[in-house]
1. Keeping every protein chain present and rolling a 1.4 Å probe, give me the accessible area per residue for the chain in Å².
2. When the Karplus curve 6.51 cos²θ - 1.76 cosθ + 1.60 is applied with θ = phi - 60°, which whole-Hz ³J(HN,Hα) does each residue of the range 203-214 get, with x for Gly and Pro?
3. How many percent of the accessible area of the range 266-309 is carbon or sulfur, using a 1.4 Å probe?
4. Dipole size in debye (nearest 20) for the range 94-244 around its Cα centre, Lys and Arg Cβ +1, Asp and Glu Cβ -1?
5. Over the range 220-309, what is the relative contact order in percent, taking alpha-carbon pairs closer than 8 angstrom and at least six residues apart?
6. Given the -39500 (n - 2.57) contribution per DSSP H run of 4+ residues, what per-residue ellipticity at 222 nm results for the chain, rounded to the nearest 500 deg cm²/dmol?
7. In nm, to one decimal, how far is the modelled label at D126 from the one at S194, with both set 7 Å along Cα→Cβ?
8. With +1 on each Lys and Arg Cβ and -1 on each Asp and Glu Cβ, how big is the dipole of the chain about its Cα centre, in debye rounded to the nearest 20?
Amino acid sequence: MEKRYNSFVGYFKQKYGCRLQKIVIDAGFTCPNRDGKVGHGGCTFCNNDAFHPNYSTPDKSIHQQLEEGIEFHLNRYRTTEDYLAYFQSYSNTYAPLEDLKRLYAQALEHPKVKGIVIGTRPDCIDNEKLDWLEQLSKEKIVIVEYGIESCYDKTLKRINRGHDFATAVKAVEETAARGIHQGAHFIFGLPGESKEEIMGMAPIINRLPINSVKFHQLQIIKGTEMEAEYARCPEDFVQWSLDEYLDFFVDFLELLRPSLYIERFAGEVPPRFVNSSPWGKVRNVELLQMLDKRLQQRNTFQGAKYTGI
Ligand code: SF4
């Protein structure tokens, strides 16, 4: 690996010979944890507005969101020619299969779009949808990205996730059985989890048949239930300074299996969505540089302490 960890950007360059930029799409889905099918109010940390760019709103057609997103990214990465439509907002398989086919097709018919990334909950997928995605993945790039968030049921319950970890395991196993590329998302620092428990997720994640992973440190978003919970019992939350988080993540990375692609290890939501930004103004690109530097300083790498379990 070029870097001291297995970077997802590197994977795309290696496999497709180019950088593939994701364009975020809001296709107007909702979420069963909000509309009452599984729960009301949603996950306690969730405010979808904090996680998507301005060009992506459901009142615009998918084509228009793609056009505006491509324009936005062209100003930043002039060399990018190829894109993935990233169905990110809410649960993007939470609709009948015929609706999914129609929506995904609208993205795939754009000449610059090489494939789709579908963010969803593990309880919003079934064999019929996976069978169809398996066929589609033979012609286009298809990546399913599951929000798993924690490996512990006590945490999933506390954050009102509305599904347990076994549901996530079943979804990733069914997806892997069809050879569909899949990623998973986890949050570090959810309430009630100790540093040891968070570190204990590494071997559990290693055993999941996923290809890539995204991690985020918990950020408490204004107006969420999590904000009220944090005000009530801040001692239940592990918090890291940026320096501490870099060391924590390097320790975690040492335990991860070398074949797992790391798509993200931290992220910052725009300051207007949070009450405080304990790390100051730091951009994602700077965070990545800091991780490279810390790995070099400690002369270590992803999987350095991986024991095969
Ligand atoms: S499943 Fe996703 S969209 Fe639904 S409430 Fe939880 S974080 Fe928000």
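The values are calculated or read from the model by the stated rules, or taken from the named source; none is laboratory data. No experiment lies behind these values; they were computed from the predicted model shown. Positions of Cβ are generated from backbone atoms using ideal geometry, with glycine treated the same way; all protein chains shown enter the neighbour counts. Only protein heavy atoms, including side chains, enter the accessible area calculation; ligands, DNA and RNA are left aside. Shrake-Rupley method; radii C 1.70, N 1.55, O 1.52, S 1.80 Å.
1. Working: 14280 Å² over 309 residues.
With all protein chains present, the chain gives 46 Å² per residue.
2. Using θ = phi - 60°, the values come out as x, 5, 5, 4, 7, 6, x, 9, 9, 9, 8, 10 Hz.
3. On the way: 1510 of 2910 Å².
That share works out to 52 percent.
4. Details: 19 positive and 25 negative charges, 97 e Å.
Taking the Cα centre of the range 94-244 as origin, the dipole is about 460 debye.
5. Values: 61 pairs, mean separation 39.7, N = 90.
Reported relative contact order: 44 percent.
6. Working: 11 runs with 111 residues, N = 309.
Counting only the DSSP helices, I get -10500 deg cm²/dmol.
7. Label at D126, label at S194, 4.2 nm between them.
8. Numbers: 39 positive and 42 negative charges, 155 e Å.
Once rounded to the nearest 20, the dipole reads 740 debye.
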